[in-house]
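Take a look at the structure set out below.
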Amino acid sequence: MLLRHNAFGRKVVIIKKILSLLFICVIVSVAFAGCSDGGDNNTSQTNATSPTNTAPTAPMVDTEKAVIKDTDALDFIKNAYTEEELGLDKTEKDYSFMIASHGVEIQGEKYVKIVACIMNKKDVKNEDGKETFSVETLGEYFISFDGKKVLKKNMKTNEYTRLENRYENYKSKGETTTDKTRKKD
């Protein structure tokens, strides 16, 4: 029978429980389906063998063991290279540098990641009426954990090129931060 009595004398419908369980299963499967890859094979992956090729994905890693990290890495990229070398010389808007909270692994080697970006104010406000912004990445730069390699990512091709490593020179000069963050008048 589909109806039964519980301890309090109320009729409990077993069908409601079964339907509830089915509904929960459907919701969970839809949630997992939305989070899955989706099988999009339009992205090409290359077998990277040199620093000039791109890695298909860059796993996040802790930067605790990096020789140069945090604001030191940020200051090094800002101060040791020119706008031309970083590919930022043709940028007409104000930009700034940010450091990623985690390092990345490229071709089996661990790097600290620094990003040059522009904050763009959107015309749309959020639910609270506050202004919203988007971040436009202009360039990505990577310093190996041992401090011996510096890479620049080509944002169009996703390939990495090696920059001249000026860390020893930079460190020996004992340079302090001189902000080269560009501000347009």
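The values are calculated or read from the model by the stated rules, or taken from the named source; none is laboratory data. Note that the coordinates shown come from a computational prediction; the quantities given were computed from them, not determined experimentally. Because the Cβ atoms are built from the backbone with ideal geometry, glycine has one as well, and the counts that use them run over all protein chains shown. Note: accessible area is taken over every heavy atom of the protein model, side chains too, but ligands, DNA and RNA are not part of it. Shrake-Rupley method; radii C 1.70, N 1.55, O 1.52, S 1.80 Å.
Selection of the range 149-185 for residues being open to solvent by 50 Å² or more (accessible area, probe 1.4 Å), assigned to a helix (DSSP H, G or I) and at pLDDT 65 or above yields only GLU168.
The helices (runs of 4 or more DSSP H) found wholly in the range 1-96 and carrying at least 2 residues that are modelled with pLDDT of 85 or more and surrounded by 10 or more Cβ atoms within 10 Å (Cβ to Cβ) occupy 70-80, 83-86.
Across the range 102-126, the qualifying residues are those that are out of contact with any Lys or Arg (no Cβ under 9 Å at 6 or more places or on another chain) and not in a strand (DSSP E or B), and the one among them that is farthest from ALA73 (Cα to Cα) is ASN126. When the residues of the range 109-142 are filtered to those that are closer than 27 Å to TYR167 by Cβ and basic (Lys, Arg), the one that is least open to solvent (accessible area, probe 1.4 Å) is LYS113.
Per this entry, ILE106 is counted among residues that are in contact with a Pro (Cβ under 8 Å, 6 or more places away or on another chain) and either aliphatic (A, V, I, L, M) or loosely packed, with under 11 Cβ neighbours inside 10 Å (or both).
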